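Q: Dumping the structure here so I can ask a few things about it.
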Amino acid sequence: MLNVKSSDVTSDVDQVTLRRRRTALTLLDPTRTAGGYTLFAPQTAEGRVYLIDIEGRLAHEWQMPVRAGRDAVILKNGNLGYNGSHNTSLSLYPAWNLWHGGDFYEATPDGEIVWRHEDPRHHHDCQWLENGNLLYTAAEPMPKSVSARIIGGDESKDGADGVVQSDVVSEVNRNGETVWEWRAWEHLRPEDFPVHDIFDRRHWPMINGISQTRDGLVLMSLRVTSGVIAVDKATGNVVWHVGSNVLAQQHTPVETPDGNILVFDNGNVRKGVTSPHSRALEFAPKTGKIVWQYTDPCPPSFFSPYMGSAQRLENGNTFICESAFGRLFEVTPGGDTVWEYVVPYFAPYPAVVGPYITGEHNSLFRAHRYPAERIGWL
């Protein structure tokens, strides 16, 4: 029996489990990585955005006016596109502050703000389009005649006011003018998109990821129903839908160079699976046929119950953000890990988030890898 004396116990042991493990750069295979720079904006970093090189060294840092609502990107002109958390919260339902954003900035490498757009209705994702416009998701109350048709979910957690928020996808130009808008309840039948039992029905279908394909289709990830849809901007019609028979509460659908769809498949309530785990998943549009996937050799070792992203790199590798645990890594098509970095910046979420996320976190919505020539101002 191990006999531990009180004098052997120290009170200054770090109580943050993740931080007691290895952080920053943990793995580098220089012969097989795509190289380049990695950009990330931790959710609890009070507006700091970090750019690191392939050896994990800090190459550049921005201090933005508000904490990250979601993430940041490097735009084609070299500026930073930032999805910030608006200081005004609409408090639409108890968990709203977990994912609302709505304060968008463009900043130069020196930190000068050159553009701003505000929409407190915004939540989750956005995409900065090639034409300079901004595409993003927002919330708006559904007509009660339509919300009454929602099925599934946990009725005991529904709001007393009976209001259900739904999704509006908006595109705004550089003048802040709305040039395209799409409302979920005008194009989706609630009966065809039932809510998972673990969710209440206060937000349907909760579009947590959005992007536009080269052909102009808008990809939308549906969180509380599991699935991805593709919408024709000209008609608003759903061109294809890949649902919960393939996906499990996925995030960040993006088109690959081959025309397939790459997602971060979180793995919550995956059908037929009792041990949740995440995967990076590539599937054919329309059919949903899986053409490539990555899971850890020990599947539960790779799991983010919320957020997450995957990005196909120039050399065919895939860059993955295991969001909940701040782990960024790169894998080959064969599944070998050739680069890994664990975000070393930990802090609690702001008090306004409430009781939903406790403790100290290094989490981030997503991260992005860029080739060196894209960061020509360094």
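The values are calculated or read from the model by the stated rules, or taken from the named source; none is laboratory data. All values reported here derive from a predicted model rather than from experimental measurement. When we count neighbours, we look across all protein chains shown, and the Cβ atoms used for this are built from the backbone with ideal geometry, even at glycine. Accessible surface is based on the protein model in full, side chains and every heavy atom, while ligands, DNA and RNA are left aside. Shrake-Rupley method; radii C 1.70, N 1.55, O 1.52, S 1.80 Å.
Q: Return the residues of region 98-117 that are in contact with a strand residue (DSSP E or B) (Cβ under 6 Å, 6 or more places away or on another chain), free of Cβ contacts under 8 Å to residues at least 40 places away in the same chain and open to solvent by 30 Å² or more (accessible area, probe 1.4 Å); say none if nothing qualifies.
A: Scanning region 98-117 gives Val114, Arg116.
Q: Would you mind stating whether Pro141 is in contact (Cβ under 8 Å) with a residue 24 or more places away in the chain, in contact with a Gly (Cβ under 8 Å, 6 or more places away or on another chain) and open to solvent by 10 Å² or more (accessible area, probe 1.4 Å)?
A: Here the answer is no, as Pro141 does not meet what is asked.
Q: For region 267-278, does any single residue satisfy the condition of being in a loop (DSSP other than H, G, I, E, B), open to solvent by 10 Å² or more (accessible area, probe 1.4 Å) and in contact (Cβ under 8 Å) with a residue 60 or more places away in the chain? Steps first, please.
A: Of all residues in region 267-278, those in a loop (DSSP other than H, G, I, E, B) come to 267-278.
Okay, now just the ones that are also open to solvent by 10 Å² or more (accessible area, probe 1.4 Å), so 268-277.
Still in the running and in contact (Cβ under 8 Å) with a residue 60 or more places away in the chain: 268-269.
Yes, the conditions are met somewhere in region 267-278.
Q: Is it true that some residue in region 182-196 is open to solvent by less than 30 Å² (accessible area, probe 1.4 Å), under 13 Å from Val146 (Cβ atoms) and not aliphatic (A, V, I, L, M)? Show your work before the answer.
A: Taking region 182-196 as the starting set, the residues that turn out to be open to solvent by less than 30 Å² (accessible area, probe 1.4 Å) are 182, 184, 188, 190, 193, 195.
Still in the running and under 13 Å from Val146 (Cβ atoms): 184, 188, 190, 193.
Checking the rest, the ones that are also not aliphatic (A, V, I, L, M) come to 190, 193.
Yes: one or more hits.
Q: Scan Phe329, Phe365 and give me the residue that is assigned to a loop (DSSP other than H, G, I, E, B), open to solvent by less than 30 Å² (accessible area, probe 1.4 Å) and either closer than 14 Å to Gly308 by Cβ or of a type in the set (A, V, I, L, M) (or both).
A: Numbers: Phe329 fails: assigned to a loop (DSSP other than H, G, I, E, B).
None of the others qualify; the one that does is Phe365.
Q: Would region 49-69 turn up any residue that is touching a Pro at 6+ places or on another chain (Cβ under 6 Å), farther than 22 Å from Gly359 by Cβ and either touching a residue at least 40 places away in the same chain (Cβ under 8 Å) or in a loop (DSSP other than H, G, I, E, B) (or both)?
A: Applying the first criterion (touching a Pro at 6+ places or on another chain (Cβ under 6 Å)) to region 49-69 yields none.
For region 49-69, residues touching a Pro at 6+ places or on another chain (Cβ under 6 Å), farther than 22 Å from Gly359 by Cβ and either touching a residue at least 40 places away in the same chain (Cβ under 8 Å) or in a loop (DSSP other than H, G, I, E, B) (or both): absent.
Q: Return the residues of region 287-302 that are out of contact with any Lys or Arg (no Cβ under 7 Å at 6 or more places or on another chain), in a loop (DSSP other than H, G, I, E, B) and within 25 Å of Ile229 (Cβ to Cβ); say none if nothing qualifies.
A: Just the residues of region 287-302 that are out of contact with any Lys or Arg (no Cβ under 7 Å at 6 or more places or on another chain), to begin with: 287-292, 296-302.
So of that shortlist, the ones also in a loop (DSSP other than H, G, I, E, B) come out as 287-289, 296-298, 302.
Residues satisfying the conditions are Thr287, Gly288, Lys289.
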